[in-house]
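Trainee: Here you go, one structure.
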Amino acid sequence: MSVINIAIANMLPFIPKPVVGYFAKRYIAGDKLEDAIRVISELNDEGFMCTVNILGENIKKIESAVNYLQRYKEILNELTEKKLDSNISIKMTQMGMGLDDKVCLKQMDEIIQLSKKENNFVRIDMEESIYTSKTLEIHSKLAKKHNNVGIVIQAYLRRSESDVSELLKIKAGVRLCKGIYVEPREIAFKDRENIRLNYTRLLKMLLRGGRYVGIATHDERLVYEAYDIINEMGLGKEEYEFQMIYGVNKEMGKKILADGHRLRIYVPYGEEWLAYSIRRLKENPDIAGHIIKNILSFNNRGS
Ligand code: FDA
């Protein structure tokens, strides 16, 4: 990322919400359930599978968790009713993790059970490192009871190799991503090349261990490295999937489909879009260009 990009990215939390919203629209399906359903339906028509997430994290009152559970139940019903190809992705701090872990476990158990009845699957997103151990612990309890729940591993964390070894033992389904939170050097690789190297190593560990992996990256080099590993291992296309985020590098997504692989798009929606959008915008290598271009065009319109 260029110095200007980093400077603009760091200013994002101080930029007024409507301005951030203007740039963040591309990453969010909309505010309402019907927006997500429309986007999923369009993506399915283009050949993409989806995973839907209700935006929101780090709830302050446990009652909010109950409300989120209700909303996830509604989504599951809609997905089944409309015969859409989408599972769901949940951040557990949205379900009470950190506030009341017992409530979180109970709520997750309920949504996973319901999704099993609907022949569906629940992916547990991975959040900041303060939650990593707890997330893995709760996932492990849930995975002992249910076969339709999966977890996320972040390649930037130094602990991930040992976490993957444990996940291989319990035969977990894993989404592998680089990791999006800002973590200290003591626990996380900072160098982009090291993160890539670790990503490929973990991917090999998981696939060789017979795990179904969601290969979640827009990094074209990692995608082609994954192709090589898949070819060398002679894997069938139902033994893994690629994953990308709504609003990012759809061209590459189409190429992955055209190359004969399956691809799932992460589709977030809801009113609580600010924290998610800031994380996404910080990763956009063209953010400075977009913002400067738009400020100039606003000025021109005004002159
Ligand atoms: P990288 O950031 O190097 O991006 C590669 C290229 O993709 C960039 O050069 C650019 O061209 C393009 N690109 C990437 N992000 C962009 C953006 N926002 N806007 C425009 N272009 C962009 N993380 C986490 O910590 N916990 C989680 O649970 C998840 N879940 C998850 C699900 C799915 C389906 C995906 C794809 C990703 C996640 N992530 C995540 C996020 C992940 O950890 C990581 O931060 C992003 O995917 C960016 O990393 P890349 O591997 O894409 O590489």
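Trainee: Once ligands and nucleic acids are excluded and a 1.4 Å probe is used, how much of Asp286 is accessible, expressed in Å² to the nearest 10?
Mentor: 90
Trainee: Per residue, how large is the accessible surface of the chain? Use a 1.4 angstrom probe and give square angstrom.
Mentor: Counting only protein heavy atoms, the per-residue value for the chain is 49 Å².
Trainee: Counting alpha carbon pairs within less than 8 Å and at least 6 residues apart, what relative contact order, in whole percent, applies to region 162-238?
Mentor: Here the relative contact order equals 39 percent.
Trainee: Still on this structure: Hey, any idea what % of region 102-160's accessible area is carbon plus sulfur with a 1.4 Å probe?
Mentor: 51
Trainee: Sticking with this structure for a sec: Might you work out the accessible area of His218 for me, using a 1.4 Å probe with all protein chains in place, and round it to the nearest 10 Å²?
Mentor: Accessible area of His218: about 60 Å².
Trainee: Compactness ratio of region 182-260: Cα Rg over 2.2 N^0.38 Å, N = residue count?
Mentor: In units of the 2.2 N^0.38 Å rule of thumb, it is 1.16.
Trainee: Further, regarding this structure: What is the mean projected area of the alpha carbon convex hull for the chain, to one decimal in square nanometres?
Mentor: 16.1
Trainee: With label points built 7 Å along Cα→Cβ from the Cα atoms of Asp45 and Lys145, find their separation and express it in nm.
Mentor: About 4.0 nm, to one decimal.
Trainee: Given the chain, what percent of its DSSP beta bridges are antiparallel, to the nearest 5?
Mentor: 5
Trainee: Another question, if that's okay. Could you tally the net charge around Met205, taking each other residue with its Cβ under 9 Å from the Cβ of Met205, Lys/Arg +1 and Asp/Glu -1?
Mentor: It works out to a net charge of +3.
Trainee: Right, here's the next one. Among Asn58, Asn44, Asn284, whose mean-square fluctuation peaks in a Gaussian network model of the chain (Cα, cutoff 10 Å)?
Mentor: Greatest mean-square fluctuation among the candidates belongs to Asn284.
Trainee: Region 239-282 to region 105-141: how many Å between their Cα centroids?
Mentor: Taking the Cα centre of each part, region 239-282 and region 105-141 sit 21 Å apart.
Trainee: Right, something else. Defining a contact as two alpha carbons under 8 Å apart and six or more residues distant in sequence, what relative contact order in percent does the chain show?
Mentor: 26
Trainee: I'd like the FRET efficiency for Glu239 and Ile170, computed as 1/(1 + (r/R0)^6) with the beta carbon distance as r and R0 of 25 Å, rounded to 0.05.
Mentor: Here the calculated transfer efficiency is 0.85.
Trainee: How would Lys25, Lys60 line up by accessible area, probe 1.4 Å, largest first?
Mentor: Ranking Lys25, Lys60 by accessible area, largest first, yields Lys60, Lys25.
Trainee: A further question follows. Based on alpha-carbon centroids, what's the gap between region 54-85 and region 189-204 in Å, whole number please?
Mentor: One Cα centre to the other: 33 Å.
Trainee: Stretched out fully, how many nm does the piece from Leu257 to Asp100 gain, at 0.36 nm a residue minus the Cα gap?
Mentor: 52.4 nm
Trainee: Oh, and also: Between Glu283 and Ile130, what is the spin-label point distance in nm, taking each point 7 Å from the Cα along the Cα→C-beta axis?
Mentor: The modelled label-to-label distance comes out at 2.2 nm.
Trainee: Please state the shape class of region 1-124: rounded when a/c is under 1.5, otherwise prolate if a/b exceeds b/c and oblate if not, all from the C-alpha gyration tensor.
Mentor: The shape class here is oblate.
The values are calculated or read from the model by the stated rules, or taken from the named source; none is laboratory data. From a predicted model like this one, the values you see are computed outputs, not experimental measurements. Glycine gets a Cβ as well: all are built from the backbone with ideal geometry, and neighbour counts include every protein chain shown. Ligands, DNA and RNA are stripped out before the accessible areas are found, and what is left, the full protein with its side chains, is counted by its heavy atoms. Shrake-Rupley method; radii C 1.70, N 1.55, O 1.52, S 1.80 Å.
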